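Novice: One structure coming up, written as structure tokens, with questions to follow.
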């Protein structure tokens, strides 16, 4: 068995792991990163990036179809468009491949040694990796667990055949005639919407009383409306039971009443679970918080020298949270004084229209016992939104009533994902309503709605 | 019947291995749930490992003194039923899941805060999950760049007054705070109140000493007996022997004589040279005399053991004593050299005072404390004569040693020390 030693070992080359490794490399730390599949993790290979590629392709195709249908306000017309999904998927794979190569190159540039294979803890300082060329033992002074998360399977509907997870949904060779999506969370709605735009008949099956339950009703209302326009059926308070391959239908129970949903494929998106098995974590038996590895404000686990970052450490399971943790841990290992001091972790839901949240929602702020002011500005009153057929949605700002400190910003609308930057910057910088109201926002852009929402909270919105 | 494997638990400080210092069971022993199986020691603490199951010990995975990696199999226990091979519950049941944390220095805050309220410098920080709503609002209002500078400068921003909008802390505020902190405090006029409290975590050897002392004094009803010993004759003998010693012989202190006298006394009074196992109620009366010598080291009290004093002459005792004292002081003494005593001598030398109340080295039953030797006037019947007088303060486990026997033991010791020739007479 080959044996190497290093200062820092990172297990998992997803966004958290590869950022930790790159930053550690930059800081001159002797770093090894282990990945059993491809660099980039869920995000780059089967998550954020490929799903956004598919969503974009679906949106483009849908616009063409809308134009072809003749119901087009812009006066466009064209003959019946078609899509070759295999070609689309190949294009998406090309992007993923470029990014894989990019991450690998960045790791190399930072002087990080990459080991491909499945890692397994031997003890708190030693990890064995099964590589193609045999067992490799790695001894490290510090270890970062960045093993990420995996889709949750339903016991009655195990993955395989027509029952697919988000991973398989991103690599289908043809557009299924009908698709049942179990789980009305953001992953299910993003992919369900994309397939509806590609031509599938999509049904959403959600056990709770409404879709996107983590968002308030105001934010999800435009999504619900759009789902209807796209012909997507939504069954809330409905529990999926079983799938019959012969009839090609999903059996479910809606308020105690049995229903059948036609489904060539069934996409199960009922959540993600941390990957805490299969790599010998039981050998070191770290403390947990529920299913997740328990960490402190420096991402330290219960064992000295072992850190954990990203999805394996808890909600929100977001790539940019993992990246920020990874960067912080690398600097801590390098001896810098760091601790988690972020005020907000923005979250984007790439539905149609998109949702952005950063900081506290009105309900969360009230629950914290804070007296708040809210300013909400609709895109209907935004010139730029009108010119892009993007009048649905609004920007909403939540601030303290006493000193106008901005606590949270939410938006729903077309392309609002790009506004997330200014939302989070405002919160991190400790902006007050007056700061946002007093910043000139370029005209004509959707961002004006952000400024107007602050003005509205101050009681003097100009365009409404 | 099934088998249950207990693995070395994570003793809670993130260490990868720990030293097995004591077995409480041996193969074949029946064990009950929660019964202590073994004790392991990390560099910081000794932790007892309880049994999570009831059954019979089949196999022990290490010997005392072995270093065992965390999660290595430690004990196999035969149990009724299916059995399992992992014991995740063990960790939670650790009797003393060590909770060492770096000592947090608590001190009075810098000038901005009220001078009478001690403020913890280390902020209670939220976990890195980022959605601890309440915590977020307690944070000082400052931009990420200001926060980073504060962190690197070791400044708790909650102590910095912000002059920006809504009390936001600006770079200037931080600069001023740091500049103020760097200035020497104004020279105090007269006596000042001090409000700082240093919190010192009891760890390592200090913790072991604390545990051992609590054990001894809570379990053992001590009887302490003090007697005066005229050391004049012994001191004369010692002076002569030291003057005439060979180059390879060490300089003799009182201790080697006392050790030899102890050996002679124990021959007549074997009850004091024993280990009392008060669980099953068995006294192990040892024929060997292993004398522990309480020794002060930079880290604290340790007790190196002169083994088989009964088989050592006075010079040999002195040589071994010097070697062990040096090993203990430099921290190179092995586990064998620090355990296994059957009786202990405690001596504070020149700081010996008149009387001490020695604490018995559990589970032994006797300890002999040496007090300071001083020239005192003694009435010899016609006049006062200067004599070298030294007290012996000795404690006994009153459960197994009666006061009478304790007195007889000390009187016998006194006789030997006052007439040192008796120490050397063939028995």
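Novice: Can you give the mean number of other chain Cβ atoms that lie within 10 Å of the Cβ atoms in peptide A:306-316?
Specialist: 2
Novice: Ok, one more. Over the range A:366-464, what is the mean sequence separation of C-alpha contacts under 8 Å (at least six apart), divided by residue count, expressed as relative contact order in percent?
Specialist: The normalised contact order for the range A:366-464 reaches 31 percent.
Novice: Could I ask something else about it? Going 7 Å from the Cα of residue B:217 in the Cα-to-Cβ direction, what parts of the range B:356-382 have a backbone nitrogen less than 15 Å from that spot?
Specialist: Answer for the range B:356-382: B:356-362.
Novice: How far apart, in nm, are two points set 7 Å out from the Cα along the Cα-to-Cβ line at residue B:316 and at residue B:251?
Specialist: 2.5
Novice: What percent do you get for the relative contact order of chain A when only Cα pairs under 8 Å and 6+ apart count?
Specialist: In percent, rounded to a whole number, it is 15.
Novice: Need one value for B:157-169: mean number of C-beta atoms belonging to other chains within 10 Å of its residues' C-beta atoms.
Specialist: 3
Novice: Is there a simple number for the mean count of other chain Cβ atoms within 10 Å of the Cβ of residues in A:121-127, and what is it?
Specialist: Neighbouring Cβ atoms belonging to other protein chains average 4 per residue here.
Novice: Let me ask something else. Listing B:152, B:337, A:264 from the residue with the fewest other Cβ atoms within 10 Å to the one with the most, what is the order?
Specialist: Lowest to highest Cβ neighbour count: B:152, A:264, B:337.
Novice: Stretch residue A:367-residue A:167 to full length: gain in nm at 0.36 nm per residue minus the Cα-Cα span?
Specialist: Extra length from residue A:367 to residue A:167 when fully extended: 68.3 nm.
Novice: Determine the shape class of the range A:163-270: with a ≥ b ≥ c the square roots of the Cα gyration tensor eigenvalues, call it rounded for a/c under 1.5, and otherwise prolate if a/b is greater than b/c, oblate otherwise.
Specialist: oblate
Novice: With the crude spin-label approximation of a point 7 Å out along Cα→Cβ, what separation in nm comes out for residue B:145 versus residue A:287?
Specialist: Inter-label distance under the simple model: 3.7 nm.
Novice: Moving on to the next point. Express in nm, to one decimal, how much length is gained between residue A:374 and residue A:463 on full extension, taking 0.36 nm for each residue of separation and deducting their alpha carbon distance.
Specialist: Using 0.36 nm per residue and subtracting the Cα-Cα distance, I get 30.4 nm.
Novice: Under the classification rounded if a/c is under 1.5, otherwise prolate if a/b is larger than b/c and oblate if not, where does chain A fall, given a ≥ b ≥ c as square roots of the Cα gyration tensor eigenvalues?
Specialist: In terms of gyration-tensor shape, oblate.
Novice: In which sequence would A:141, A:354 go, from the one with the fewest C-beta neighbours within 10 Å to the one with the most?
Specialist: Least crowded to most crowded, the residues run A:141, A:354.
Novice: Spin-label point model (7 Å from Cα, Cβ direction): what's the residue A:1 to residue B:26 distance in nm?
Specialist: 3.4
Novice: What shape does the protein assembly as shown take by its C-alpha gyration tensor, where a ≥ b ≥ c are the square roots of the eigenvalues and a/c under 1.5 counts as rounded, a/b above b/c as prolate, and the rest as oblate?
Specialist: Prolate shape, in that a/c is at least 1.5 and a/b is the bigger ratio.
Novice: Work out, step by step, the length gained on full extension between residue A:79 and residue A:389: first 0.36 nm times the residue separation, then minus their alpha carbon distance; give nm to one decimal.
Specialist: Difference between extended and current length: 109.4 nm.
Novice: Rounded to the nearest 5, what % of DSSP beta bridges with both residues in the protein assembly as shown are antiparallel?
Specialist: Approximately 70 percent, going by the DSSP bridge assignments.
Novice: When the helix-only estimate is applied to chain A (DSSP H runs of n ≥ 4, each -39,500 (n - 2.57), divided by the residue count), what is the mean residue ellipticity at 222 nm, nearest 500 deg cm²/dmol?
Specialist: Only helices count here, giving -9500 deg cm²/dmol.
Novice: Considering only DSSP beta bridges where both residues belong to the range B:327-427, give the percentage that are antiparallel (nearest 5).
Specialist: About 75 percent, rounded to the nearest 5.
Novice: Sort B:257, A:215 so that the residue with the fewest other Cβ atoms within 10 Å of its own Cβ comes first and the one with the most comes last.
Specialist: A:215, B:257
Every number here is computed from the coordinates shown, using simple stated rules; none is lab data. Fair warning: this is a prediction, and the values are worked out from it, not measured in the lab. Quick reminder, even Gly has a Cβ in these numbers, built from the backbone with ideal geometry, and neighbours come from all protein chains shown.
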